[in-house]
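Report on the following structure.
The values are calculated or read from the model by the stated rules, or taken from the named source; none is laboratory data. From a predicted model like this one, the values you see are computed outputs, not experimental measurements. Please note: Cβ atoms are built from the backbone with ideal geometry, for glycine as well, and neighbour counts cover all protein chains shown. Note: areas computed on protein heavy atoms with side chains; ligands, DNA, RNA excluded. Shrake-Rupley method; radii C 1.70, N 1.55, O 1.52, S 1.80 Å.
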Amino acid sequence: MKTLSLITALFLCLSVSAAEYVGSMRMASGYTLEDVRVSIDEQGNLTLYRVKFARMMPVRLDVTIPQLSCDNEHLTGDSIIPLISDKPKPDRIITNLHGTADKQSIDFTCLIGGKEMHYTGVAK
């Protein structure tokens, strides 16, 4: 039964696998970044490309949130150490991630390093 559940969960993740979206990322501070590209791969790894989290942030970074749970197009994750430019960043831990993703759109909210972020996008 556990194997069947795992296969079902994997199949549901594959329904949005290798999906790419373009949308906006909004921080609780009010900072918004438009035209942000996001992808989700077959393992549930979600990557935000070339983002910054504040207007005065001097560089843009690729941020990967590894191994999200995908169940019936619902995304969830908690206490996940993100990879920023391929390096683990435990001080930017991802908590309370929840949202939805399908072939047409994605919408999720999480805390990144304790600061709220909301992303919404449409399939590319």
How tilted is helix 2-14 with respect to the longest principal axis of the chain? Cα atoms for both, answer in degrees (0 to 90, nearest 10).
50 degrees
Heavy-atom surface of the chain, accessible at 1.4 Å and reported per residue (Å²):
59 Å²
Rank by packing, highest mean first: peptides 99-107, 44-52, with packing defined as the count of other Cβ atoms within 10 Å averaged across residues.
44-52, 99-107
Within straight cross-link reach of residue 124, meaning Cα distance under 19 Å, which lysines are found once same-chain residues fewer than 8 apart are removed?
103
Calculated over the chain: convex hull of Cα atoms, volume per residue (Å³)
95 Å³
Compute the FRET efficiency between residue 116 and residue 18 as 1/(1 + (r/R0)^6), taking r as their Cβ-Cβ distance and R0 = 35 Å, and round to the nearest 0.05.
0.80
Segment 51-115: percent of C-alpha pairs farther apart than 16 Å?
50 percent
Using a cut-off of under 12 Å, list every residue of segment 92-124 whose amide N is near the label point 7 Å from the Cα of residue 73 along the Cα-to-beta-carbon line.
100-107
